[in-house]
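Shown next, in structure tokens, is the structure this report addresses.
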């Protein structure tokens, strides 16, 4: 078994090397525009779970994962030559939905804020009522 610190270092190195290989060395059109979001290695160094994402979102996830599975042998061989380990882990690829989830959460938060906010030009809210603004110093001088 390997220490947690060492598995983290190996994971970081794998992520860096894989990212470079995908950008510069792999010419598969299915793998264009993807990024490696995380690499997690088990403590026995048997498996490396690689999480990927793309700018287009999950619409291409199946195509991307098929491309990575197709290139798995090449990637594992190249990585084993670049990173010295006694036994090199098998690569398992997974889709990372984090960006889609974050975008959905941002949309939900924006939708919560939109109806309650006032139109800066007319001063009306989405319900058609005029928004109450806090009194200014000028209002206090006039009233008092």
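No value in this document is a laboratory result; all are computed from the given coordinates. Remember, predicted model here, so these are calculated numbers, not experimental data. We place every Cβ from the backbone using ideal geometry, glycine too, and count neighbours over all the protein chains shown.
How far apart, in nm, are two points set 7 Å out from the Cα along the Cα-to-Cβ line at residue 6 and at residue 82?
Taking the two extended label points, one gets 2.2 nm.
Only bridges with both residues in the stretch 4-100 count here: give the DSSP antiparallel percent, nearest 5.
Details: 7 of 13 bridges.
Of the beta bridges lying entirely in the stretch 4-100, close to 55 percent run antiparallel.
What full-extension length gain, to one decimal in nm, is calculated for residue 92 and residue 35 as 0.36 nm per residue of separation minus the Cα-Cα distance? Walk me through the intermediate numbers first.
Values: separation 57, 0.36 × 57 = 20.52 nm, distance 1.51 nm.
Once the chain is fully extended between residue 92 and residue 35, it gains 19.0 nm.
Any chance you could run the full-extension gain for residue 65 through residue 100? It's 0.36 nm times the residue separation minus the Cα-Cα distance, nm to one decimal.
Details: separation 35, 0.36 × 35 = 12.60 nm, distance 1.68 nm.
Full extension of this stretch gives 10.9 nm more.
What number does the stretch 4-100 give for Rg over Rh if you use C-alpha atoms and the Kirkwood radius? Show your work: numbers first, answer last.
Working: Rg = 12.8 Å, Rh = 13.5 Å.
Radius of gyration over Kirkwood radius for the stretch 4-100 works out to 0.95.
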